[in-house]
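Derivation of every value follows stated rules applied to the coordinates shown; laboratory data play no part. All of these numbers come straight from a predicted model, not from anything done at the bench. In this analysis, Cβ positions are derived from the backbone assuming ideal geometry, glycine residues included, and neighbour counts consider all displayed protein chains.
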Amino acid sequence: MATRPLEIGPAGLYTARAIEHMRLALGLTQHQLAARCTAMGRPMTDTALSRTERAHRRCDIDDLVVIAEALGVRATALLPAGASSTHPRHAEAEVCGRAQGGLLG
């Protein structure tokens, strides 16, 4: 079975660059950040972090949350502004979320 090529969109590319930028701004090596993530309960190797920063590996939501926490920022600080509206499905999800909030809140 052939594997699909890894396709990372604009939001993923932005996030990868933001992780690296924030890490460097804090003076952390990839090894140090990966160790922080591991210590927080999300095992991460230097290689996995390197591949994430270079957009050769997808950053799933669990990785994003722990990386952000290890960097001392909110996960949204690593996402592009307006990321929720970059894809039509996201806009649809926003509308559904607001509708559910009205029903549940």
In order through the stretch 56-67: 3J(HN,Hα) via Karplus (6.51 cos²θ - 1.76 cosθ + 1.60), integer Hz, x for Gly, Pro: 9, 8, 5, 9, 6, 4, 5, 5, 4, 5, 6, 4
Over the stretch 10-80, relative contact order from alpha-carbon pairs under 8 Å, at least 6 apart, %: 42
Inter-label distance, nm, simple model (7 Å from Cα along the C-beta direction), Thr3/Ile61: 2.4
Rounded to whole Hz, the Karplus (6.51, -1.76, 1.60) HN-Hα couplings of the stretch 11-19, x for glycine and proline: 5, x, 5, 4, 5, 4, 5, 5, 4
Cα-centred dipole magnitude for the stretch 1-51, charges only on beta-carbon of K, R (+1) and D, E (-1), debye, nearest 20: 80
Size of charge dipole - the stretch 10-80 - debye, nearest 20, with Cβ of Lys, Arg +1 and Asp, Glu -1, no other charges: 100
Say each of Leu26 and Leu13 gets a label point 7 Å from the Cα, pointing the same way as Cα to Cβ; how far apart are those two points in nm? 2.6
How much of the pair distance distribution for the stretch 10-80 lies past 18 Å, counting alpha-carbon pairs only, in percent? 23
